[in-house]
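Peer 1: Mind looking over this structure? Questions follow.
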Amino acid sequence: MSTFELIEPEIEAYCEAHSTTESELLHRLYRETHLQTINPRMASGQLQGLFLGLISKMIRPKRVLEIGTFTGYSAICLAEGLTDDGILHTIEINEEYEDRIRNYFSLCPDCGKIRLHIGDAKVIAPTLDDTWDLVFIDAEKTDYKEYYDIIFPQVRKNGFILIDNTLWNSKVVHDVSQNDKDTQSILSFNKMVQQDNRVRNLLLPFRDGIMIIEKLTL
């Protein structure tokens, strides 16, 4: 099966072959991430990058928040749909990635619209006095609920929140050890969203699972 055990590698390869090729910049960033980082699978890659870029272009957000930059692949994709005066704030807790992130952000067409913050999103996000049209969360799984609670009041009505890894290597449908804090947290988070009558949500079985959430209230 594929890296995330959701589809066969042949199907994944077919999808990639029949989807728009990533830009040379993104290809270089993805390759460098795989060669020089410990957890390269955290990078979005061609299919998820296209998905994020298309979602952003459909929404045409003025303000985007990303929690979990990693090496910057997803932020570059999300920035593609920003309005002319749009801004994307992205927060990365690991300062070791900062130089690589800033280098690639300086090379992307939308670099002037991206603001990188290094530090804990739980501390930084509340200080960003803005209203979010689109939020993408792909960070510490045990903190998903806290991230959600922090950003939710700042998301506009009919704004969207995308949450990555909500199938967590398919572990959500198998017996889970009480010691497996990440999977327990994902299960708890998914249940919470499903019971939240302030939203409309779709758990999409794509890559490692993406929860798409529309905020229905002010």
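Peer 1: Any chance you could count how many residues in segment 135-174 are more than 11 Å from residue 215 (Cβ to Cβ), among the aliphatic types (A, V, I, L, M) and in contact (Cβ under 8 Å) with a residue 12 or more places away in the chain?
Peer 2: The number of residues fulfilling the criteria is 7.
Peer 1: Only one of 38, 11, 76, 91 is in contact with a Leu (Cβ under 7 Å, 6 or more places away or on another chain) and either surrounded by 15 or more Cβ atoms within 10 Å (Cβ to Cβ) or farther than 21 Å from residue 117 by Cβ (or both). Can you tell me which?
Peer 2: None of the other options fit; the residue is 76.
Here is a yes/no grid of residues against (1) in a helix (DSSP H, G or I); (2) of a type in the set (Gly, Ala, Ser); (3) under 14 Å from residue 65 (Cβ atoms):
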residue: 96; (1), (2), (3): yes, no, no
residue: 101; (1), (2), (3): yes, no, no
residue: 112; (1), (2), (3): yes, yes, no
residue: 117; (1), (2), (3): no, no, yes
residue: 124; (1), (2), (3): yes, no, yes
residue: 130; (1), (2), (3): no, no, yes
residue: 135; (1), (2), (3): no, no, yes
residue: 139; (1), (2), (3): no, yes, yes
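Peer 1: Looking only at segment 44-73, filter to residues that are aromatic (Phe, Trp, Tyr) and farther than 13 Å from residue 210 by Cβ; which one of those is surrounded by the most Cβ atoms within 10 Å (Cβ to Cβ)?
Peer 2: Only one residue fits best here, namely 73.
Peer 1: Are any of the residues in segment 66-79 of a type in the set (S, T, N, Q) and free of Cβ contacts under 8 Å to residues at least 40 places away in the same chain?
Peer 2: no
Peer 1: Next up: Just one of 149, 143 is surrounded by 17 or more Cβ atoms within 10 Å (Cβ to Cβ) and modelled with pLDDT of 95 or more; which is it?
Peer 2: 143
Peer 1: Can you find a residue in segment 106-126 that is within 15 Å of residue 52 (Cα to Cα) and in contact (Cβ under 8 Å) with a residue 40 or more places away in the chain?
Peer 2: So far as segment 106-126 goes, no, none of its residues is within 15 Å of residue 52 (Cα to Cα) and in contact (Cβ under 8 Å) with a residue 40 or more places away in the chain.
Peer 1: Check segment 161-170 and report whether any residue there is assigned to a loop (DSSP other than H, G, I, E, B), within 22 Å of residue 58 (Cβ to Cβ) and among the β-branched types (Val, Ile, Thr).
Peer 2: Yes, that holds for at least one residue.
The values are calculated or read from the model by the stated rules, or taken from the named source; none is laboratory data. Values in this document were obtained by computation on a predicted structure and should not be read as measured data. Every residue, glycine among them, receives a Cβ derived from its backbone with ideal geometry; neighbour counts consider all protein chains shown.
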